[in-house]
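The values are calculated or read from the model by the stated rules, or taken from the named source; none is laboratory data. Note that this is a predicted model, so its numbers are computed, not measured. When we count neighbours, we look across all protein chains shown, and the Cβ atoms used for this are built from the backbone with ideal geometry, even at glycine. Surface areas here come from the heavy atoms of the whole protein model, side chains and all, with no ligands, DNA or RNA. Shrake-Rupley method; radii C 1.70, N 1.55, O 1.52, S 1.80 Å.
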Amino acid sequence: MDDIVKLKYKEEDLKLLAGLRLLDDDFMTVVFDRNTEAAGLVLNIILGRDDIEVIEVVAQREYKNPVTGGRSIKLDIYAKDSDGKVYDIEVQRADSGADAHRARLHSSMLDTKMLKEKQKFNEIHDSYVIFITENDYMGLGKPLYHIERTVQETGGLFGDGSHIIYVNGSYKNDSEAVGKLMHDFRCTDADDMFYTELAKHVKHFKETEGGMERMCKAMEERVNRERREERINNSFELIQNLMEAMKMTAEQAMEVLKIPDDDKVILAKKF
């Protein structure tokens, strides 16, 4: 990397950027956004195929819950292939983020967007929710865990087209495609990666001026987002205390605390 380029960034930013891996969701989403090549590689390896053609990839795609007060989600990576199948690829470093109920919610939210009014139910496309976890979430030492609905009385597949897959990010076996892929997801240095389809994009965001600028902006946005979430949570607690102690409404408590208008909109939804 050019020393002149390095001088544009703070030392702590460069250090943080150097340590990022594809197992870090902020970095992964930037690398994969609009990147059909990388998404196609990952999906073909995880699904054991070589013919998946990805035609659309969007990072941080939001799926809003139509129910008032219902929980919405943001997909790390949304992808669609040439057959109309849709994929949600999530990177989860903490085991709590890979909870089975979260996989269920993600799967159901994908389904709600696939059928238009008056379409037949059997026209719904297959969906895949893929959790790439830093640890072996299932604890059985397997590289992949496939979750499918089955008919208990027969043991056969229900065949509704809903698929959930957990990928063991700690799996180490460089003789297998999945093992090589997870090795690359753990790498901090593009030169140590097996797959050029991933390495060249990782190198771009770590070693070129344009890539570094975008990545540093993404890291800054995350810090600002986390600070705002912390501020909102602290304000929410203060408002609750005022409401209880002074018998105020939420609106009155927010006025007393001089909560900014933008924060009021977010906080109002919590009450």
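For the range 252-271, give me each residue that is open to solvent by 90 Å² or more (accessible area, probe 1.4 Å) and touching a residue at least 12 places away in the same chain (Cβ under 8 Å). Passing the criteria: Lys269, Lys270, Phe271. So for the range 223-230 (the condition being touching a residue at least 60 places away in the same chain (Cβ under 8 Å), of a type outside the set (Asp, Glu), out of contact with any Phe, Trp or Tyr (no Cβ under 7 Å at 6 or more places or on another chain) and farther than 13 Å from Ile259 by Cβ), does at least one residue qualify? Taking every residue of the range 223-230 in turn, none turns out to be touching a residue at least 60 places away in the same chain (Cβ under 8 Å), of a type outside the set (Asp, Glu), out of contact with any Phe, Trp or Tyr (no Cβ under 7 Å at 6 or more places or on another chain) and farther than 13 Å from Ile259 by Cβ. What do you reckon, is Thr133 under 22 Å from the mean Cα position of the chain (by Cα) and at pLDDT below 95? So Thr133 fails the test.
Of all residues in the range 179-192, those being surrounded by fewer than 18 Cβ atoms within 10 Å (Cβ to Cβ) and in contact with a Gly (Cβ under 9 Å, 6 or more places away or on another chain) number 2.
Filter the range 123-145 down to the residues that are of a type in the set (D, E, K, R) and without any contact (Cβ under 8 Å) to a residue 60 or more places away in the chain, then identify the one that is most open to solvent (accessible area, probe 1.4 Å). Looking at residues that are of a type in the set (D, E, K, R) and without any contact (Cβ under 8 Å) to a residue 60 or more places away in the chain, I get Lys142. Test Lys85 against the stated conditions and say whether it is open to solvent by 20 Å² or more (accessible area, probe 1.4 Å), more than 22 Å from Asn135 (Cβ to Cβ) and within 16 Å of the chain's Cα centre (by Cα). Considered against the rule, which asks whether it is open to solvent by 20 Å² or more (accessible area, probe 1.4 Å), more than 22 Å from Asn135 (Cβ to Cβ) and within 16 Å of the chain's Cα centre (by Cα), Lys85 comes out as no. Contact map, the range 93-122: first residue farther than 22 Å from Gly70 by Cα, second residue assigned to a loop (DSSP other than H, G, I, E, B), Cβ cut-off under 7 Å, separation 6 or more or different chains; pairs are Arg93/Leu23; Arg93/Glu134; Asp95/Asn135; Asp95/Tyr137.
Within the range 204-223, is there a residue that is in contact with a Lys or Arg (Cβ under 6 Å, 6 or more places away or on another chain), surrounded by 17 or more Cβ atoms within 10 Å (Cβ to Cβ) and closer than 23 Å to Gly169 by Cα?
No, that holds for no residue.
Taken across the range 155-170, residues that are touching a Cys at 6+ places or on another chain (Cβ under 6 Å) and surrounded by 14 or more Cβ atoms within 10 Å (Cβ to Cβ) do not occur at all.
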